[in-house]
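Encoded as structure tokens, here's the structure I'll be asking about.
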Amino acid sequence: MTDCKLLIAGQGGQGVVFLSRLLSQTALMAGDDFITYESHGMAMRGGSVTSQVKIGNYRSPLIGEKSADLLLVLAADEFQRNRHFVRPGGISLVNSPHSLADLPSENFCGATAVALEHKLAKAVNLVFCGWAAQHPAFPYNFAQIREAIKLMAVSPDIETANLRALEIGRQLSIR
Amino acid sequence: MQQVMLGNEAIARGLLEKGCTFIYAYPGTPSSEILPAFIEQASEHAVAIHGHWSVNEKIALESAFTAAMTGLRSAAVMKQVGLNVAADAFLSIAYLGVTGGLVVISADDPGPNSSQTEQDSRMFALFAKVAVFDPATPQEAALFAGRALELSAEIGLPVLLRPTATLCHARQNISLKSIIRDSRNPEFVRQPQRWAATPKHRLQLHQKLNQKMLALACDPRFDFADAESRPTAPAPYGIIASGCAWALTADVLSSLPQDEARQFVLYKVDLPYPLHKKAGRTLLLRHARLLVVEESQPVIEYQLGPQEKICGRNDGTIPNAGALTPEIIRTALALLSKRPLPINPAADEAAAPGKRPSLCPGCPHRSSFYALKKALPHGIYAGDIGCYTLGINLNALDSCLCMGASISQAGSFYQTLAHCGADIPPLAAVIGDSTFYHSGIPALVNARWEGSRFVLFLLDNSTTAMTGNQPTPAAGLRADGSRGPALSLEKIIQGCGIEKITVVDPYRRDELIAALKTAWQYCMEPDGGIAVVIARRGCLMIPAERKALQHLQITISEACTGCGYCLKAFECPALIRRINDPEKRVTIDPVTCVGCGQCVAVCPQEAIQITGS
Ligand code: SF4
Ligand code: SF4
């Protein structure tokens, strides 16, 4: 039984909600219980968006301060605002070309530039996810994420593009 | 079978499982996904239903009620402030009751995140004497939506289901139940003394309602004095909670060290009104102190009555504004058990504001606001509810009260100033098409009748954009995708006695500025009145509109001085400062720019240029 509290932070239009749906689908396929919460409404118009994902025996999707096991950040600006949710010993993984604050550089990955290079501007989130899924703190492995993407894809084209983005992300960690 | 579902989808599923066939709604965050999910699931399972986006919440409730007068099972769906709009019908329906089943769903927004108030719909239920369920998780929401429908059919009264945003937009693995197909035919039995009751009969209906509520308050199904897990040793402190507040408290309790957690027992209230009478008394005897955790107003606390032993929102153990957080619960538990307060380590960091929302790149509203400020400078701009409330970022809105108020307010600004002989600055009411249909029309009739003078600036993007692009009466499309008549905004306005109407594409800025200027001139002519300018261009969130837009290549030349005027006055999210540029010049973000070209005329240096298409 997986037990993981993770927070995904980004800005409207970056696919925060998609990532949290992807993790939900992966959890479902793994037979784990989960509950997630996405901020909607005004946040849809480009503002800050966070999604809280709790995998395991939980009733409420809300994550308190200093209690997230993993923080995934799609927009570097959102890192400072959300890092206080990470528990002591928890992990932050950030989409940023350079390291921020006092964290080691292996916690950062410039997924946006790589995605643009491959003309995958709309799939920055999946490039980032492919990279992050290599980290031991990530609740599921690469193969499990792949299967969930296949199941969620609404068309073969989207499936191919999404799997490609994920794979490009995975390559990033083999430096 | 298990499925991933959004809380709102789970609510739809629960209604469908228990034979709901008629559903009416007006979109509003966080409730908007319920109606589309209901229609989709019904069509997946080939259940014959009727679902409709009503023009406002009052009409939605009146329609759903009427279906339930004929013996069918129905639902009316809205957000909490929508229940204010529907209140007239809601309070009356509580007396009249139904012969089928009627669930009213009013989704609350503690915080608030997307609303004018953080009012508690359960308080409305208490006020109206309508029983209310408060579900805690998406799984439970599916269950309670069905229970609410069955209870309504059983007692012959409407029942309220009150989810909050954290449930509506939570996603969870849900176990599904089978769907009951309701093949009942509508049957309306004439009972004028009930359905058209005079005040004398109303008194009797009220007395009957009181009896039914008393029966529910004694109904063993809603006894909450049995905790899910009773500790073996007696615990000094009891916690009574309902809905998402219960879920949050349960999670916080299970994160505490054993010896600390042992001191508390958590009780879950499914039906916060009418509150089970005996359960409350039992718990008061059983525990030294009781904490009540609920969102967002003290409804349960109020019904328990003033008691030394009880703490919660009334005595400040829990703050009486804002959404609940794990930290608030932890602090409340410490106060309850008189332990040292937990240290709140990062309050400063937590308070750092996030990126504020703004209108989308290429949004026609941005161009409309820019033109409004140019055409009618130093005016009073009365605003309204919708995406365009974000005009506040552009300094182009002076008020935002409630749905449709822009028109009443612009009219009243005129009356107030004119009657006192004060100078009258340019007056404009800024309202979107969907809000105009919702409650702008009566306000316009009123303003015309009263002889008010202002520019009605109607931002017509042919959709209800804020809540996810639901169709409006002008779209010629209904909630289930079927074709309907496309109503004409112009004809409705003409019908309100307005003669001066101009329709302009907001992307044609000069024309729009000229139209707004002419409109205000007309208002101030000796026999002028209200002039309407309709800025008509589809919302870019509609895929067809995005496709139809010609993508221009926009570049910012070296002439940019970094003055930041474009960022402030136009605030397109695709205009960004260059990274590591000492002069802080601006560039275009290629990922988000839609190439509308609307920013070109904004730059005083003419640095923003079209360089291709
Ligand atoms: S583009 Fe024009 S308005 Fe914007 S910062 Fe540069 S000079 Fe100023
Ligand atoms: S062209 Fe200008 S206004 Fe239009 S989306 Fe791009 S940056 Fe924004």
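Taking N as the number of residues in chain A, what is its alpha-carbon radius of gyration divided by 2.2 N^0.38 Å? Let's see the in-between values first.
Details: Rg = 14.8 Å, N = 175, 2.2 N^0.38 = 15.7 Å.
Ratio of Cα Rg to 2.2 N^0.38 Å: 0.95.
Oh, and also: Using square roots of five times the C-alpha gyration tensor eigenvalues, list the equivalent-ellipsoid semi-axes of chain B in whole Å, biggest first. Don't skip to the answer; put the middle values down first.
Details: eigenvalues 429, 200, 111 Å².
Ellipsoid half-lengths, sorted descending, are 46, 32, 24 Å.
Could I ask something else about it? Using Cα centres only, tell me the gap between the stretch B:3-63 and the stretch B:511-543 in whole Å.
Cα centres, the stretch B:3-63 to the stretch B:511-543: 37 Å.
How about the stretch B:134-219: which chymotrypsin sites (Phe, Trp or Tyr not before Pro) there are in a DSSP loop, with at most 11 other Cβ atoms within 10 Å of their Cβ? The partial results should precede the final answer.
Numbers: sites: B:Phe144, B:Phe188, B:Trp195; in loops: B:Phe188.
Passing both the DSSP loop test and the Cβ count: B:Phe188.
List, in the order given, every pair from B:Lys129/B:Lys277; B:Lys79/B:Lys208; B:Lys58/B:Lys129; A:Lys122/B:Lys355 whose Cα-Cα distance in the structure shown is over 25 Å.
Numbers: B:Lys129/B:Lys277 15 Å; B:Lys79/B:Lys208 29 Å; B:Lys58/B:Lys129 18 Å; A:Lys122/B:Lys355 20 Å.
Over 25 Å Cα-Cα: B:Lys79/B:Lys208.
If you don't mind, there's one more thing I want to ask. Show the residues, 5+ positions off or on another chain, whose built amide H is closer than 5 Å to the amide H of B:Gln553.
B:Thr611, B:Gly612, B:Ser613
Can you work out the base-10 log of I(q)/I(0) for the stretch B:430-499 at q = 0.14, 0.17, 0.24 1/Å, using the Debye formula on its C-alpha atoms alone?
-0.45, -0.64, -1.10
Also: Round to the nearest 10 and give me the degree value, 0 to 90, for the angle of helix B:364-375's Cα axis relative to the longest principal axis of chain B.
So the inclination is approximately 50 degrees.
Loop only per DSSP, at most 14 neighbouring Cβ atoms within 10 Å: give me the GluC sites (Glu not before Pro) in the stretch B:175-261, ordered by residue number. Show your work: numbers first, answer last.
On the way: sites: B:Glu187, B:Glu228, B:Glu260; in loops: B:Glu187, B:Glu228.
Filter output for the stretch B:175-261: B:Glu187, B:Glu228.
By a straight-distance test (C-alpha under 16 Å), which lysines pair with B:Lys309 as possible cross-link partners, with residues fewer than eight away in the same chain excluded?
B:Lys338
Still on this structure: Can you list the equivalent-ellipsoid semi-axes of the stretch B:550-612, largest first and in whole Å, using the square root of 5 times each Cα gyration tensor eigenvalue? Present the calculation step by step, with values, prior to reporting the outcome.
Numbers: eigenvalues 58, 30, 24 Å².
Semi-axes, largest first: 17, 12, 11 Å.
If you roll a 1.4 Å probe over the stretch B:225-337 with all protein chains in place, what percent of the accessible area is carbon or sulfur? Display every interim value, and only then the final one.
Numbers: 2320 of 4590 Å².
C and S atoms contribute 51 percent here.
Need one number: nm distance between label points at B:His45 and B:Glu558, each 7 Å from Cα along Cα→Cβ, rounded to one decimal.
The answer from the label model is 6.8 nm.
Moving on. Tell me, in nm to one decimal, what length is gained between B:Thr611 and B:Ala87 on full extension, where the rule is 0.36 nm per residue of separation less the Cα-Cα distance? Spell out each step's value before the answer.
Details: separation 524, 0.36 × 524 = 188.64 nm, distance 5.52 nm.
Between B:Thr611 and B:Ala87, full extension yields 183.1 nm more.
Still on this structure, I have one more. Calculate for chain B the 222 nm mean residue ellipticity that helices alone would give, adding -39,500 (n - 2.57) per DSSP H run of length 4 or more and normalising by residue count, nearest 500 deg cm²/dmol. Write down the numbers at each step before the final one.
Working: 23 runs with 223 residues, N = 613.
Taken over chain B, the calculation gives -10500 deg cm²/dmol.
Give me the residues in the stretch A:46-74 whose solvent-accessible area, probe 1.4 Å, is reduced by at least 50 Å² once all protein chains are included instead of the chain isolated.
Flagged in the stretch A:46-74: A:Arg59, A:Leu62, A:Glu65.
Could you give me the ³J(HN,Hα) list for the stretch B:135-152, computed from phi with Karplus coefficients 6.51, -1.76, 1.60 and θ = phi - 60°, whole Hz, x at Gly and Pro?
Values, residue by residue: x, 9, 9, x, 4, 6, 4, 4, 5, 6, 4, x, 4, 4, 5, 5, 5, 4 Hz.
Please list the non-local residues whose amide H lies under 5 Å from the amide H of B:Ala474, H modeled 1.01 Å from N, same-chain partners needing a gap of 5 or more.
Under 5 Å from the amide H of B:Ala474 lie the amide H atoms of B:Leu487, each far enough along the sequence or on another chain.
For the interface of B with A, what's the total buried accessible surface in square angstrom, probe 1.4 angstrom, rounded to the nearest hundred? Walk me through the intermediate numbers first.
Numbers: alone 27230 and 8880 Å², together 32630 Å².
In total, chains B and A hide about 3500 Å² from solvent.
Same structure again: Measuring from centroid to centroid over Cα atoms, what is the spacing of the stretch B:90-116 and the stretch B:551-613 in Å?
47 Å
Just to verify a number: FRET efficiency for B:Ser183 and A:Lys122, C-beta to C-beta distance, R0 = 45 Å, to 0.05? It would help to have the intermediate numbers written out before the result.
Working: r = 46 Å, r/R0 = 1.02.
My answer for the efficiency is 0.45.
Heads up, I need the accessible area for B:Thr463: 1.4 angstrom probe, whole protein in place, Å², nearest 10.
Accessible surface of B:Thr463 is approximately 10 Å².
Tell me, what % of the accessible area of the stretch B:379-535 is carbon and sulfur with a 1.4 angstrom probe?
Carbon and sulfur together cover 54 percent of it.
Stokes-Einstein diffusion coefficient for the protein assembly as shown at 25 °C in a medium of 0.890 mPa s, Rh from the Kirkwood formula over Cα pairs: what value in µm²/s? Mind dumping the intermediate values first?
Details: Rh = 28.3 Å.
The diffusion coefficient I find is 87 µm²/s.
Here is a follow-up. List the relative contact order of the stretch B:425-471 as a percent without decimals, with contacts defined as Cα pairs under 8 Å and 6+ residues apart.
Values: 41 pairs, mean separation 24.5, N = 47.
Relative contact order comes out at 52 percent.
Continuing with the same structure: With a 1.4 Å probe and every protein chain left in place, work out the accessible area per residue of the stretch B:225-337 in Å², rounded to a whole number.
Values: 4590 Å² over 113 residues.
So the stretch B:225-337 comes to 41 Å² accessible per residue, rounded to a whole number.
What spacing in nm lies between the two simple spin-label points modelled at B:Val503 and B:Ala215, each 7 Å away from Cα in the Cβ direction?
5.6 nm
Using the heavy atoms of the protein chains alone and a 1.4 angstrom probe, what is the accessible area of the stretch B:550-612 per residue in square angstrom? Mind showing how you got there, number by number?
Numbers: 3410 Å² over 63 residues.
For the stretch B:550-612, the per-residue accessible area is 54 Å².
Where the only charges are on Cβ atoms (+1 Lys, Arg; -1 Asp, Glu), what is the dipole of chain B about its Cα centre, to the nearest 20 debye?
In debye, rounded to 20, chain B gives about 1000.
Another question, if that's okay. Just grab the label-to-label distance for A:His98 and A:Ala153, each label 7 Å out from Cα along the Cβ direction, in nm (one decimal).
So the label points at A:His98 and A:Ala153 sit 3.8 nm apart.
Could you state, as a whole-number percent, how many of the C-alpha pairs of the stretch B:477-537 are farther apart than 17 Å?
Working: 949 of 1830 pairs.
Above the 17 Å cut-off, the stretch B:477-537 has 52 percent of its Cα pairs.
In the stretch B:248-262, which residues give up 50 Å² or more of accessible area once the other protein chains are added, compared with their chain alone (1.4 Å probe)?
Those residues are B:Asp251.
Just need the relative contact order of chain B here, percent rounded to a whole number, with Cα pairs under 8 Å and 6+ apart. Mind showing how you got there, number by number?
Numbers: 1262 pairs, mean separation 64.8, N = 613.
Once normalised by length, the contact order is 11 percent.
Still on this structure, please answer the following. How about the stretch B:285-347: which trypsin sites (Lys or Arg not before Pro) there lie in a loop by DSSP and see at most 12 other Cβ atoms within 10 Å?
On the way: sites: B:Arg286, B:Arg289, B:Lys309, B:Arg313, B:Arg330, B:Lys338; in loops: B:Lys309, B:Arg313, B:Lys338.
Answer by residue number: B:Lys338.
Excluding ligands, DNA and RNA, what is the solvent-accessible area per residue of the stretch A:23-144 at a probe of 1.4 Å, expressed in Å²?
Numbers: 4450 Å² over 122 residues.
It amounts to 36 Å² per residue over the stretch A:23-144.
The values are calculated or read from the model by the stated rules, or taken from the named source; none is laboratory data. Just so it is clear, the structure is predicted and the values come from calculations on it, not from any experiment. Glycine also receives a Cβ, built like all others from the backbone with ideal geometry; neighbour counts cover every protein chain displayed. Note: accessible area is taken over every heavy atom of the protein model, side chains too, but ligands, DNA and RNA are not part of it. Shrake-Rupley method; radii C 1.70, N 1.55, O 1.52, S 1.80 Å.
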